[in-house]
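So the structure is just underneath, and the comments pick up after that.
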Amino acid sequence: MYSKTMIYKNEMNDKTMRFLERFVKRVKGNPPGVCPIAVQLSFLQSARSQTCGKCVPCRDGLEQVENMMRSIVEGQADMQTFEDMVALCQIIEDTADCAIGYEAARIVLESVELFKDEYMSHINEHHCQSEVGQKIPCVSYCPAHVDIPNYIALIGAHRYADAVNCIRLDNPFPTACAFICEHPCEEKCRRDILDSPINIRGLKKFAVDQVHADQVKVPECNVTTGKTVAIVGGGPSGLTAAYYLSLMGHKCVVYEEKEKLGGMLRYGIPNYRLPKDRLDQDITAILSTGNIEVKYGISIPEDITMEELEKTYDAIYISIGAQLGRTVDVDGSDANGVYSAVEMLGEIGRGNTPDYTGKRVVVVGGGNVAMDASRSAIRCNAEEVTIVYRRRQIDMTALASEIQGAIEEGVELLTLNAPGSIMTDENNNVTGFEIQPQIISEYRNYKPGVAPANADKKIIPCDIVLVAIGQEIYSAPFAKYDVHERRKNFETEPTARLPHYDRIFAGGDCVSGPATVIKAIGAGKVAAINIDEYLGYHHKILGAIDYPKPKENNRTRIGRVHLTDRSARERKKDFEPIENAITYDEAMQECGKCLRCDHFGCGVVEGGRV
């Protein structure tokens with residue numbers, strides 16, 4: 001929530017901007033899990049020290065808010081104090097003369113909305129919620145909560161197989177994530193306080209390159225329980241759930257609609273980013289648990305109904321993903337040569353690579369799918385490839401490295417241009433793509449919006465249009481199972497259970513909407529734990545690892561090792577992996593930078609104080 005303070009820079013004086021930039025930088029190094037009210041109090045103290053003292057709301061009001069919040073943090077406040085604080089913040093937000101005052105009040109009000117349970121715990125129970133603690137930043141920010149410090153230590157000790165198994169305690173896709181994980185763990189790496197975050201994904205890739213995942217024996221299964229679980233969908237979330245349920249001793253049957261397992265890992269991510277032989281190493285290891293049966297080419301309800309699954313199995317996990325591409329609603333969208341980028345990537349995943357020789361391709365969108373589609377089109381021998389995006393490049397949701405890679409390979413970015421009509425000839429074949437120039441407009445949802453510019457529309461000559469504006473969930477066969485009417489996603493409880501069906505659980509993209517692979521894996525892990533509890537067990541995964549003793553951390557400032565790519569002129573000619581591995585020396589250097597936050601500097605927050 002703190003990054004939202006940055007959006008009003010255009011309204012602030014230089015002093016205010018410098019203060020907020022310093023605060024955001026401080027929050028970046030703050031570990032997750034600490035009491036959010038204590039963090040808010042720290043911000044208020046900093047904000048109050050920056051006031052000019054000219055307006056009463058900022059000068060006197062913030063001091064009163066700070067005092068009331070301190071009493072809440074210390075567990076000495078009642079509901080009246082809380083209500084007075086909220087009312088005062090609303091007044092300050094409306095009447096303060098500068099951003100120091102009204103932004104501080106705005107953030108307090110946002111914290112009240114976001115952390116209402118925490119406020120109530122301080123007021124009613126006089127202490128933080130039980131789960132609030134000073135957690136390990138990288139582990140907390142990993143959706144699967146992988147034990148990152150220990151697997152880095154194992155790599156540093158040259159115990160690569162143990163490192164793979166350490167990862168698999170929480171994530172059965174160490175290889176896939178080594179190639180394509182968006183590594184949110186690095187965002188809060190405390191090493192950033194000294195120099196820069198550790199290249200955690202690079203180290204994971206180094207480990208699985210030293211010993212392949214299918215060469216590392218998986219843990220032993222618990223004693224067979226006799227319980228059976230149906231997994232609908234063999235993507236990362238479904239296979240993760242199957243893996244852990246299998247290790248717990250339950251029999252899992254995976255129903256996969258396609259001819260191979262992997263979901264969007266196989267049919268949505270090009271081979272140059274994730275080689276399919278390396279993906280198969282993870283899948284082979286998952287299936288080696290022995291309690292997983294896979295039935296391919298099975299669709300619901302054509303081949304088997306949910307009612308039949310309910311009668312046959314003790315529990316069901318739905319993980320069908322979001323594998324349909326959205327269409328662009330413009331004139332000519334039904335023309336010959338207009339395709340969904342998701343479907344195009346799916347065909348490439350099946351081995352049906354299109355031939356775009358001499359073709360001019362336009363890709364609509366700004367996410368990772370748009371980058372994958374455009375870079376794949378280059379590899380399909382397209383004469384030219386243009387990405388059309390209605391916002392700025394900085395607003396694109398794709399990874400910055402993916403955008404840079406596309407540009408290096410010859411893809412042209414046309415930003416601040418909204419899609420218009422698709423031009424066709426008399427045979428309804430695509431001949432051009434009309435675009436409407438845009439202008440940056442007022443802020444919406446904490447980022448600048450866009451509006452049509454006072455400029456003429458333009459036409460880009462093209463033969464192929466690939467639409468990459470998002471993905472949809474095909475949940476029609478499950479319509480009666482707590483599916484949202486508009487978003488078409490499953491609505492679940494925190495335990496991943498469908499509210500009105502005790503034995504049916506759901507997770508991954510079909511619940512959250514299109515997200516990252518590691519989030520789908522985390523959802524599958526959560527579902528497996530809760531299904532196990534529902535079945536009447538509380539299993540632990542077998543296979544303890546003897547971790548190296550933590551060494552004194554190295555606080556010498558050292559530059560970050562970055563992964564490099566093959567040259568653009570070479571890699572754009574094929575679908576072979578583009579990323580080079582880090583060397584042994586680079587890996588050992590990165591391992592030596594870990595500050596071991598799991599042993600040094602972490603504790604428990606009590607009463608809202610570290």
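The values are calculated or read from the model by the stated rules, or taken from the named source; none is laboratory data. Here the structure is a predicted model, which means the values were calculated and not measured. Glycine also receives a Cβ, built like all others from the backbone with ideal geometry; neighbour counts cover every protein chain displayed. Heavy atoms of the whole protein, side chains included, go into the accessibility calculation; ligands, DNA and RNA do not. Shrake-Rupley method; radii C 1.70, N 1.55, O 1.52, S 1.80 Å.
See the values below:
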item	result
Counted residues, region 497-520 - those being touching a residue at least 60 places away in the same chain (Cβ under 8 Å) and in a loop (DSSP other than H, G, I, E, B)	5
Matching option when the condition is more than 30 Å from residue 62 (Cβ to Cβ) and among the aliphatic types (A, V, I, L, M), among 180, 107, 123	180
Candidate set from region 388-408 (those that are part of a loop (DSSP other than H, G, I, E, B) and not small (Gly, Ala, Ser)); member that is surrounded by the most Cβ atoms within 10 Å (Cβ to Cβ)	389
Any hit, region 330-338, residues being open to solvent by less than 10 Å² (accessible area, probe 1.4 Å), of a type outside the set (S, T, N, Q) and outside any loop (DSSP other than H, G, I, E, B)	no
Residue in region 64-80 that is of a type outside the set (A, V, I, L, M), in contact with a Lys or Arg (Cβ under 7 Å, 6 or more places away or on another chain) and open to solvent by 40 Å² or more (accessible area, probe 1.4 Å) present	no
Subset of region 416-443 [in contact with a Phe, Trp or Tyr (Cβ under 9 Å, 6 or more places away or on another chain), more than 18 Å from residue 327 (Cα to Cα) and in contact (Cβ under 8 Å) with a residue 40 or more places away in the chain]	443
Qualifying positions in region 182-231 - among the small types (Gly, Ala, Ser), within 26 Å of residue 286 (Cα to Cα) and open to solvent by 20 Å² or more (accessible area, probe 1.4 Å)	226
Boolean, residue 288 is closer than 27 Å to residue 541 by Cβ and open to solvent by less than 10 Å² (accessible area, probe 1.4 Å)	no
Any hit, region 373-380, residues being modelled with pLDDT under 95 and among the β-branched types (Val, Ile, Thr)	no
Selected residue (criterion: surrounded by the most Cβ atoms within 10 Å (Cβ to Cβ)) from residues of region 552-582 that are out of contact with any strand residue (DSSP E or B) (no Cβ under 7 Å at 6 or more places or on another chain) and not in a loop (DSSP other than H, G, I, E, B)	568
Selection count, region 477-496, where residues are over 16 Å from residue 533 (Cβ atoms) and either open to solvent by less than 60 Å² (accessible area, probe 1.4 Å) or part of a strand (DSSP E or B) (or both)	8
Of all residues in region 583-601 being under 14 Å from residue 559 (Cα atoms) and hydrophobic (A, V, I, L, M, F, W, C), the one that is surrounded by the fewest Cβ atoms within 10 Å (Cβ to Cβ)	588
Hits in region 292-323 - residues which are in a loop (DSSP other than H, G, I, E, B), among the polar types (S, T, N, Q) and either in contact with an Asp or Glu (Cβ under 7 Å, 6 or more places away or on another chain) or touching a residue at least 24 places away in the same chain (Cβ under 8 Å) (or both)	299, 319, 323
Top-ranked residue of region 441-466 - restricted to ones that are in contact with a Lys or Arg (Cβ under 7 Å, 6 or more places away or on another chain) and at negative phi, ranked as most open to solvent (accessible area, probe 1.4 Å)	461
Filter result for residue 307 (closer than 27 Å to residue 491 by Cα and either among the β-branched types (Val, Ile, Thr) or open to solvent by 30 Å² or more (accessible area, probe 1.4 Å) (or both))	yes
Residue 169 open to solvent by 10 Å² or more (accessible area, probe 1.4 Å), touching a residue at least 60 places away in the same chain (Cβ under 8 Å) and within 18 Å of residue 219 (Cα to Cα)	yes
Residue in region 360-413 that is nearest to residue 267 (Cα to Cα), counting only those that are of a type in the set (D, E, K, R) and in contact with a helix residue (DSSP H, G or I) (Cβ under 8 Å, 6 or more places away or on another chain)	372
